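Read through the structure below, which is laid out as structure tokens, and then see the notes.
The values are calculated or read from the model by the stated rules, or taken from the named source; none is laboratory data. Computed from a prediction, not measured in an experiment: that's the story for all the values here. Because the Cβ atoms are built from the backbone with ideal geometry, glycine has one as well, and the counts that use them run over all protein chains shown.
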Amino acid sequence: MDDITESHSTIKVPDGHISGFVSLVGRPNVGKSTLLNAFFEKKIAIVSDKPQTTRTEIRGVLTGPKFQIVFCDTPGIHKPRTLLGTRLNDTARFTLKEIDLVLFVVEADSSIGKGDRFIAESLPVEKTILVLNKIDKVKSGRILTQLNEAAEFSFAEYFPISASTGEGVSELLGHIKTKLLPGPRYFPENMETDFSESFWVAELVREQLLSEVREELPHSIATRVTEWDWPRIRCEILVERNSQKGIVIGHKGEVLKKVGTEVRKQLEDGAFIELVVKVEKDWQKHPRSLDRFGY
């Protein structure tokens with residue numbers, strides 16, 4: 001992002017064109033990735049009910065005739081227990097630099113707590129919109145209570161939405177456009193994200209694993225594509241214990257087979273996914289392991 005903003009003055013701005021970078025921040029599992037996908041009406045980021053599903057800054061580029069909005073979906077800020085957790089927090093905070101607008105996402109169906117307040121303290125009041133998500137899960141009285149409680153943060157605007165149903169999302173998007181200034185197109189018109197195909201496939205594998213193993217491996221899975229010779233794709237799955245390896249593989253390989261099937265459904269016809277499970281003890285605590293997987 002720094003390279004892009006530094007070269008802003010050298011990029012020609014079309015007449016009447018607005019643009020900017022918008023960061024989505026909040027505690028883990030408040031619906032940031034779901035909201036990102038709702039803006040695009042398609043999957044840009046993987047979604048799970050597990051905390052720390054998003055582990056890197058994922059940029060979604062939304063382009064229209066007179067605008068371009070670069071959304072930065074970040075890991076949920078939390079109290080870290082491992083080096084991975086510390087790096088996820090660093091990633092989330094880094095995106096606040098040189099950002100034009102911040103969407104601070106909190107939940108309508110749970111009380112605003114210490115974690116929300118901790119995050120709010122580091123946000124720029126003048127360019128932060130508080131987004132109250134999951135209003136489809138509560139009654140209108142609860143929404144008003146949450147908004148009144150959130151008013152303590154003194155942000156400029158507050159938007160109640162449901163990212164999963166789409167309620168209020170188009171209104172929020174329209175408001176974001178009114179907050180942006182004249183600016184260029186930073187990315188090509190047909191580009192919707194800046195991550196690679198191999199990263200996307202690895203994320204799809206991780207999403208399906210999180211869905212299949214449920215509570216057994218909430219934070220202990222990492223994935224990366226190690227070979228790409230279309231249509232053959234080899235994806236490595238990293239766990240921390242031998243017992244976890246058995247869970248990921250499943251009885252007679254059932255889990256891996258189902259994961260591979262679901263991932264192929266989201267790729268072009270003919271794709272072949274080879275899934276390989278490896279054990280690396282306590283990989284979340286080792287810098288070299290984190291570097292290898294891009295965290």
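Candidates in segment 114-158 are the residues that are outside any helix (DSSP H, G or I) and free of Cβ contacts under 8 Å to residues at least 12 places away in the same chain; of these, the one that is surrounded by the fewest Cβ atoms within 10 Å (Cβ to Cβ) is 121. Yes or no: residue 142 within 30 Å of residue 277 (Cβ to Cβ), more than 19 Å from the chain's Cα centre (by Cα) and among the charged types (D, E, K, R)? Criteria not met by residue 142. Scanning segment 191-200 for residues that are under 27 Å from residue 256 (Cα atoms) and part of a loop (DSSP other than H, G, I, E, B) turns up 195, 196.
Only one of 167, 203 is of a type in the set (D, E, K, R) and at pLDDT below 90. Can you tell me which?
The unique qualifying residue is 203.
From the list 203, 207, 167, exactly one residue is out of contact with any Lys or Arg (no Cβ under 6 Å at 6 or more places or on another chain), among the charged types (D, E, K, R), over 30 Å from residue 13 (Cα atoms) and assigned to a loop (DSSP other than H, G, I, E, B). Which is it? Residue meeting the stated conditions: 167.
Considering each residue of segment 221-234 in turn, none proves to be surrounded by 13 or more Cβ atoms within 10 Å (Cβ to Cβ), at pLDDT 85 or above and over 20 Å from residue 196 (Cα atoms). The single condition among (1) within 21 Å of residue 165 (Cα to Cα); (2) surrounded by 17 or more Cβ atoms within 10 Å (Cβ to Cβ); (3) at pLDDT 90 or above that residue 60 does not satisfy is (3).
Taken over segment 32-47, the criterion of being of a type outside the set (Lys, Arg) and either within 9 Å of the chain's Cα centre (by Cα) or in a helix (DSSP H, G or I) (or both) is satisfied by 33, 34, 35, 36, 37, 38, 39, 40, 44, 45, 46, 47. Name the single residue, out of those in segment 238-295 being assigned to a loop (DSSP other than H, G, I, E, B) and loosely packed, with under 12 Cβ neighbours inside 10 Å, that is modelled with the lowest pLDDT. Among them, the one singled out is 281. Within the group 184, 188, which residue is modelled with pLDDT under 95, within 23 Å of the chain's Cα centre (by Cα) and not in a helix (DSSP H, G or I)? Criteria check complete, one pass: 188. Considering only segment 68-88, I want to know if a residue exists there that is modelled with pLDDT of 55 or more, of a type in the set (Val, Ile, Thr) and surrounded by fewer than 18 Cβ atoms within 10 Å (Cβ to Cβ). For segment 68-88, residues modelled with pLDDT of 55 or more, of a type in the set (Val, Ile, Thr) and surrounded by fewer than 18 Cβ atoms within 10 Å (Cβ to Cβ): present.
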